[in-house]
Amino acid sequence: MAKPLGLYRFLLRLFPRCYRRERGSEMERLFLDMSAERVGRGRQLGVGFWLRLGWDTGSQAVSERLAPSLPPPPRTPKRSLGDRMSTLIGDIRYAIRTLVRQPSYGLMIVVMMALGIAGNAAVFRIFNGLFLRPLPFEDSEQLVDLDETAPRWDLEFVGIAYPDFATWRRANSTFSGMATLTTRGANFAGDDDAERVVVLHATYDLASVLGFDAMLGRFFNEEEDIPDGPRVTLLSHSFWQQQFGGDPGVIGRTIKLNSRSYEVIGVLPPRAEFVDEAVLWVPLQEDENRGGSWYLRGVGRLKPGVTLQQARADLLNVHRGMVEERSVNEITSPVVNSVRDRYLGDFRLGSSVLLGAVGIVLLIACANIAGLMLARSLARSREIGIRIAMGAGRGRIVRQLLTESLLLASVGAAVGTGLGLWGSAALVTKMTEQFPRWVVFALDWRFVAFTLVVTAGAAVVFGLMPALQAAGVDTRGVLESSSTRTSGSLGKRRSMSVLVAGEVALALALLIVGGLSVRDLQKLQQIDPGFRTENVLSYRLALPSAKYENDEQQLAFFDQHLERVRSLPGVTSAAAASALPLSGHWGWFFRAEGAPPRGPEDPNPVVLTRVVTPGYFATMGVTLKTGRVFDEFDGRDEGSRAVIVNETFANHFFPGDADPVGKRVRTGTDGDSPWMTVVGVSRDVKHYGVDEEMRPGVYLPLLQMPDSRLQMAVRTEGNPLSMVSALRAVVRETDSELPVYELETVQEILDESLWTRRASSWLIAAFSTVALVLAVAGLYGVISYSVGQRAHEISIRIALGAANTQVLRHVMRQGMLLVGVGAVLGLGATYAASRVLANLWVGVSATDPAIYATVTILLVGIAALANFIPARRAAGLEPMQALRGE
């Protein structure tokens, strides 16, 4: 029974000290009798028992703390709302006068509160925009994203094949509508210059699925959404304003896209721009009788009451029912997700960790503020005792002190919210470019409600405990003593010690997460991407088929263009590719000559396929492991078909073969395509990002597979951006209607691929640093307060012969004990959460002992310094001076 009694004694500490002195023994005997009776009936003192006992004890303890020490005054009539408001205004005025007399105290609390709220405001603004704001469409909770998956192809999302979509739309029973779409670039011939624009190709029912229609004119219809149907287009609202000055007479006019004429039949409403970055919408005009590739995206609207699980099962049945006519449907499966999860699901864990990080910072700030208020309440013990002796109820005292807390919290929150919005402005601007257009970071009622709730919660968290302790002061003891050091100061020091240990634990946990994030980013930045980024400029050119009708014309244009670029002063080399690293994906299936037949369940990964010109490998700094690069003869005819494979391809398709050069491969799975000879094996290139796994990849010569849309790579001697005007002039002289677009350096492309990870890592590191500073400040404050309270005791020890080093060690031991307890708790909490946190990082383990040890040593070292300063002051006390002052 010793352990339960000890736990019950801990619960009794919730009661005021005087109450425990009078009734503590009686309550302990009652607990022992009750426990013995329960055990005698064969029942255990389980969790339910302790929860009920804790609730009853806690409720009674709060009542006793708020109960007046003097007989209650006569009952007064019920006060009106005006009386309550008058009392509240009086409390606020008194709080202001009190704080004005001690401006440094109020300023410290406002600063700490502002630091805590600033991070919360900034991160919640981002979290709200990503995960809480509804999509800007009618009944957006019914909208879902549609796609297909193929694990055997090593692809989570492969896109939708139009024949699959057409059957889904016709045969499903859970959707009120569904549409499919894709975006493509097009050359728009404006009045002044050629411009590359994004065009949305969609089925006729997209607008009805999303819940809007054309603002002017009409949306295209089913008769126009057929192969070789009329060329019609709708303008986005911004494009209509920019190019046509908002002229309502634009309906019926024609515009040129890729040198073809399109009739304008409508203008879209402003909210249609949330769908994509497209400025023009045209009919998809696909044929469901063609096999088609998987390149489309889908959106569906569920019928009321239909769940995601029901919709998935419905589409899967439809999809499997097509297997006889489309055997590939045994490999692919439909995917139905909420729109938000489809595009933002990968960011949910990171955003939640950021939100937790700023929450920890706020908790540490609240703990520091609570410590300050505990220390101040001791200094005000005599004032509060006099007020209670004059008839003020303890509840009235608590309300007054909570009013002070709320006032300080409100000022700090106002400052912190302003700082958070200002600090997040640049971050939000950058994130707007990273996420879909429907992600909006504008302020709304959720942000206001969050700020108000956090402010009120923080005021209660850091103000309630000091207020209760202050209201529970021993009135007689305070009035009889001429000193502010009351018997309650020991309890306050213990409360402050608990707060500081908690601060250290939270700060250490956050520091470890920050250290792991920064280390992960450093390792990713040290990974060799397989290509050289310095002094390389990238841009795209797309030749319209209406003007460049065949492969010969397209090849001639790119040959001439690259020759002219290479002749520019400052250019060392130039080449072209269908996609540079980190700039897109196009894949195919491959088979190796002599490979055993693939079983029905064997993996068949989609191979990254890139078409390049001679000189590409030198321009991009991609090296070969064996073999040679392409020359001008590769791919000219059937007998010169060549391919360069990467290391991952060689390991997958030629396992155990040290040198696959000279072997042959072919595309597809049916065996009808011509063979290609492997002329080289390139080093692996991190095409999808340095934090992504490698995939099999191949390079094909442009002569072998001509392409009208290519990405140029130009390596220069100096700053590549200095060549922009010269490159534009080269294109303009060749074809004035051809726009240059997506012009940026390859280094910028690489930096952009890591931007989200870099931003989150440094944000967590910044919040960790703030948490460390606040925790150390709290530790310093507690030790300094303890030294001040114990100055009399320490002086007596010194007067009795205690050496200064003994006093120094004693005070240091007191502080470092708090640090040790907090460090153990922080390490344990972080390790327990490591499985969840492991999903955040790629280049580092969530239990990396070096990070744990480094961060712990750093925190302990800084904490030791914070302890040493007040400890040295204690060791330097003059005994007689301190005793006379007492």
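The values are calculated or read from the model by the stated rules, or taken from the named source; none is laboratory data. None of the values given here were measured: they were computed from a predicted structure. Ideal geometry is used to build each Cβ from the backbone, glycine not excepted, and the neighbour counts take in all protein chains shown. Note: areas computed on protein heavy atoms with side chains; ligands, DNA, RNA excluded. Shrake-Rupley method; radii C 1.70, N 1.55, O 1.52, S 1.80 Å.
Numbers at a glance
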quantity: Segment 533-683: relative contact order as a whole-number percent, Cα under 8 Å and 6+ apart; calculated: 24 percent
quantity: Potential lengthening between T623 and R218 on full extension [0.36 nm per residue; Cα-Cα distance subtracted]; calculated: 140.4 nm
quantity: MRE, 222 nm, helices only [DSSP H, n ≥ 4, -39500 (n - 2.57), over the chain, to nearest 500]; calculated: -17500 deg cm²/dmol
quantity: Part-to-part distance (alpha-carbon centres) for segment 697-712 and segment 506-581, which is given in Å; calculated: 15 Å
quantity: Test item: Cα-centred dipole of the chain, Lys/Arg +1 and Asp/Glu -1 on Cβ, debye; calculated: 7340 debye
quantity: Two-decimal log10 I(q)/I(0) for segment 652-774, as the Debye equation yields it once each C-alpha is a single scatterer, q = 0.15 Å⁻¹; calculated: -1.03
quantity: Cα→Cβ-extended label distance, 7 Å offset, between N719 and A449, nm; calculated: 5.0 nm
quantity: Rounded FRET efficiency, nearest 0.05, which uses the C-beta distance separating I527 from L421 and R0 of 30 Å; calculated: 0.25
quantity: Partner aspartates and glutamates for K686 [C-alpha distance under 19 Å; skip if fewer than 8 residues away on the same chain]; calculated: D154, E156, D520, D528, E534, E647, E744, E748, D751, E752
quantity: Relative contact order [Cα under 8 Å, 6+ residues apart], the chain, whole percent; calculated: 15 percent
quantity: Quarter of Cα convex hull surface for segment 267-308, i.e. mean projection, nm²; calculated: 5.3 nm²
quantity: Length gained when the stretch S845-T149 is fully extended (0.36 nm per residue, less Cα-Cα span); calculated: 247.6 nm
quantity: Principal axis box of segment 239-335, alpha-carbon based, largest edge first, Å; calculated: 51, 35, 19
quantity: Solution diffusion estimate, µm²/s, Stokes-Einstein, segment 595-698, Kirkwood Rh from C-alpha pairs, 4 °C, viscosity 1.567 mPa s; calculated: 88 µm²/s
quantity: Unit charges at the beta carbon, dipole of the chain: most positive-side option, A846, V773, G514; calculated: V773
quantity: Label-point gap, in nm, between A556 and S338 - each point 7 angstrom along Cα→Cβ; calculated: 5.7 nm
quantity: Net length gained if the chain between S261 and E742 were fully extended (0.36 nm per residue, minus Cα distance); calculated: 170.7 nm
quantity: Accessible area of the chain belonging to carbon and sulfur atoms, whole % at 1.4 Å probe; calculated: 57 percent
quantity: Spatial separation of Cα centroids for segment 156-208 and segment 276-352, in angstrom; calculated: 12 Å
quantity: Convex hull (Cα only) mean projected area of segment 764-873, reported in nm² to one decimal; calculated: 7.7 nm²
quantity: Computed FRET value (nearest 0.05) for N289 with N604, which takes r as the C-beta separation and R₀ as 25 Å; calculated: 0.45
quantity: Scattering curve values for the chain, log₁₀ I(q)/I(0), Debye with Cα scatterers, q = 0.04, 0.09, 0.10, 0.11 Å⁻¹; calculated: -0.29, -1.06, -1.19, -1.35
quantity: Residue-normalised accessible area of the chain, given per residue in Å² at a 1.4 Å probe; calculated: 47 Å²
quantity: Lys, Arg +1 and Asp, Glu -1 on Cβ, resulting dipole of segment 598-680 about Cα centre, debye, nearest 20; calculated: 160 debye
quantity: Efficiency of FRET from Cβ geometry, F274 and A729, R₀ 45 Å, rounded to 0.05; calculated: 0.75
quantity: Paramagnetic label zone (point 7 Å from Cα along Cα-to-C-beta, A658; backbone N under 19 Å) in segment 577-601; calculated: none
quantity: Mean Cβ count within 10 Å, highest first, over the residues of peptides 507-517, 613-623, 560-570, 450-460; calculated: 507-517, 613-623, 450-460, 560-570
quantity: HN-Hα J in Hz across segment 505-511 - Karplus 6.51, -1.76, 1.60, θ = phi - 60°, x for Gly and Pro; calculated: 4, 5, 5, 5, 4, 5, 5
quantity: C-alpha long axis of helix 339-379 to longest principal axis of the chain, angle in °; calculated: 20 degrees
